[in-house]
Amino acid sequence: MANLQPVRGTRDLLPDESRRFRAIVERARSVTERYGFGEISTPIFEFTEVFARTLGDTSDIVTKEMYTFEDRGGDSITLRPEGTAGVARAFISGGLSQSLPLKLFYAGPMFRYERPQKGRQRQFHQIGIEILGVSGPQADVEVIAVGAQILDELGLLGRTVLELNTLGDLESRRAYRNVLVEYFTGHRDALSEDSRTRLQRNPLRILDSKDEGDRHVVAEAPSFAEHLSPAAADFFAAVRQGLDDIGIAYEVNQRLVRGLDYYTHTAFEFTTTDLGAQGTVLAGGRYDGLIGAMGGPETPGIGWAAGIERLAMLAGEPPPPPRPVAIVPMGPAAEREAQKLAWSLRREGLHVELGYSGNLKRRLARASRAAARAAVIIGDDELSRGVATLRDMDGGEQAEVPLAGLVERLKPTS
């Protein structure tokens, strides 16, 4: 038992870190509610087909990173590696096509078998949003705006850059795919093994390769912008105009891609240089063909996800919680009274720390470590007279206060 440790790539969220995580999620929840999003929570595991269909059988996530196992009933089950697939499955299985448009927010743990590194664990946590049922560029602008506002309210927007690109419509992608295959075929020997594998099945993924050799080849690759259909070019122009109208700055990055066929039009990432190589803070895009590819009705969609670990690393400490009141009973009768007093104060909304043992000095020391703003000291003498000694933990002043008047005295002044 002494050698038990968390599984590699997982870790315990102790109270201080849990408070940082909670601050991120609560801020995101507050912003998304203002934009009219409702919250959804899907299971942390799904039938493997849900992710194999949505992420593509050539993606690194499916081929290398999913936690997949067979359950006792013989079904192939996968711990969710991302949030969108579960939302899309819920849309289909829940028959939600009559409720469009849908604006959904989620938060929770995800799982990928990959090398643990700074800000990335095998069990990690994300917030995310999806808009389903809106095909126009106003939805693209809105999801980016939500992300920007969350980052802004966390104090992070000024430390990030919004990178933006278009993946075009199906007509554009087909034309560009042919051009890419021709170009990369001419440079096949210079490509990595992974990129050679992707060349026929998923050539757009090569544009996003992290291999240095691939990057030299990609640098001279034909531009997607030169192969956009008029309709796709107009759509991208409308997205950029919408961002300009609300004052969200961006940079066009033509190498920013999503490799699967159901991704269309807008792709975007908020990136930072404050986390070293792992610089993506929040990323998303439009996936109009996803729900149809899963067997549901053709339904446009767009969304993003952000890693809570990375946001917490960047955001630092949230505001401290309210300072508690410490109740310090001395003697058996006072212990009983302290339990009743703590109950009544907490029902009035006050934060209360109740000491369980030790002499007066030790209990006051614990109250100080808990950052208590006041200590309520109760002994047999105070009880007999219906009063308590109220000590200001900052200044040290103390005075006797009737027990019946404690709530009013202890309520914060602001």
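The values are calculated or read from the model by the stated rules, or taken from the named source; none is laboratory data. Computed from a prediction, not measured in an experiment: that's the story for all the values here. Cβ coordinates were reconstructed from backbone atoms using ideal geometry, including for glycine residues, and neighbour counts include every protein chain displayed.
Among all residues of the range 186-193, there is at least one that is modelled with pLDDT of 85 or more and either under 29 Å from residue 137 (Cβ atoms) or in contact with a Phe, Trp or Tyr (Cβ under 7 Å, 6 or more places away or on another chain) (or both).
Which residues, counting only those in the range 97-146, are hydroxyl-bearing (Ser, Thr, Tyr) and not in a helix (DSSP H, G or I)? Full working, then the answer.
Restricting attention to the range 97-146, the residues satisfying the condition of being hydroxyl-bearing (Ser, Thr, Tyr) are 97, 99, 106, 113, 135.
Selection gives 106, 113, 135.
If the condition is being within 13 Å of residue 329 (Cβ to Cβ) and surrounded by fewer than 16 Cβ atoms within 10 Å (Cβ to Cβ), then the range 363-414 contributes 380, 381. Answer yes or no: is there a residue in the range 212-224 that is more than 28 Å from residue 315 (Cα to Cα), hydroxyl-bearing (Ser, Thr, Tyr), surrounded by 19 or more Cβ atoms within 10 Å (Cβ to Cβ) and modelled with pLDDT of 85 or more. No, the range 212-224 contains no residue that is more than 28 Å from residue 315 (Cα to Cα), hydroxyl-bearing (Ser, Thr, Tyr), surrounded by 19 or more Cβ atoms within 10 Å (Cβ to Cβ) and modelled with pLDDT of 85 or more. Out of 335, 298, one residue alone is over 36 Å from the mean Cα position of the chain (by Cα), free of Cβ contacts under 8 Å to residues at least 12 places away in the same chain and either closer than 30 Å to residue 87 by Cα or surrounded by 14 or more Cβ atoms within 10 Å (Cβ to Cβ) (or both). It is 335.
Yes or no, residue by residue, for (1) touching a helix residue (DSSP H, G or I) at 6+ places or on another chain (Cβ under 9 Å); (2) of a type in the set (Asp, Glu):
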| site | (1), (2) |
| --- | --- |
| 15 | no, no |
| 22 | no, no |
| 32 | yes, no |
| 49 | no, yes |
| 52 | yes, no |
| 72 | no, no |
| 80 | yes, no |
| 84 | yes, no |
| 94 | no, no |
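Yes or no: the range 207-220 includes at least one residue that is assigned to a loop (DSSP other than H, G, I, E, B), within 29 Å of residue 147 (Cβ to Cβ) and in contact (Cβ under 8 Å) with a residue 24 or more places away in the chain. Checked against the condition, which is being assigned to a loop (DSSP other than H, G, I, E, B), within 29 Å of residue 147 (Cβ to Cβ) and in contact (Cβ under 8 Å) with a residue 24 or more places away in the chain, the range 207-220 yields no hits at all. From the list 68, 32, 58, the lone residue that is at pLDDT below 95 and touching a strand residue (DSSP E or B) at 6+ places or on another chain (Cβ under 8 Å) is 68.
Flag set for residue 152, criterion: without any contact (Cβ under 8 Å) to a residue 40 or more places away in the chain and in a helix (DSSP H, G or I).
Suppose we filter the range 274-301 for residues that are of a type outside the set (A, V, I, L, M, F, W, C) and not in a loop (DSSP other than H, G, I, E, B); how many remain? Please lay out each step first, then the result.
Step one: list which residues in the range 274-301 are of a type outside the set (A, V, I, L, M, F, W, C), which gives 274, 276, 278-280, 284-289, 292, 295-301.
Filter once more, so that each one left must be not in a loop (DSSP other than H, G, I, E, B): 280, 284-286, 292, 301.
Counting residues in the range 274-301 that are of a type outside the set (A, V, I, L, M, F, W, C) and not in a loop (DSSP other than H, G, I, E, B) gives 6.
Given the structure, is residue 101 at pLDDT 95 or above and not small (Gly, Ala, Ser)? So residue 101 fits the description; yes. Going residue by residue through the range 177-195, is there one that turns out to be buried (at least 23 other Cβ atoms within 10 Å of the Cβ) and not assigned by TED's automatic domain parsing to the domain that holds residue 250? Among the residues of the range 177-195, at least one is buried (at least 23 other Cβ atoms within 10 Å of the Cβ) and not assigned by TED's automatic domain parsing to the domain that holds residue 250, which makes the answer yes. Among the residues of the range 133-174, those that are touching a Leu at 6+ places or on another chain (Cβ under 9 Å), hydrophobic (A, V, I, L, M, F, W, C) and farther than 15 Å from residue 263 by Cβ comprise 134, 141, 144, 145, 148, 150, 151, 154, 156, 157, 162.
Of the strands (runs of 3 or more DSSP E) entirely within the range 302-414, none holds at least 3 residues that are touching a Cys at 6+ places or on another chain (Cβ under 6 Å) and closer than 30 Å to residue 132 by Cα.
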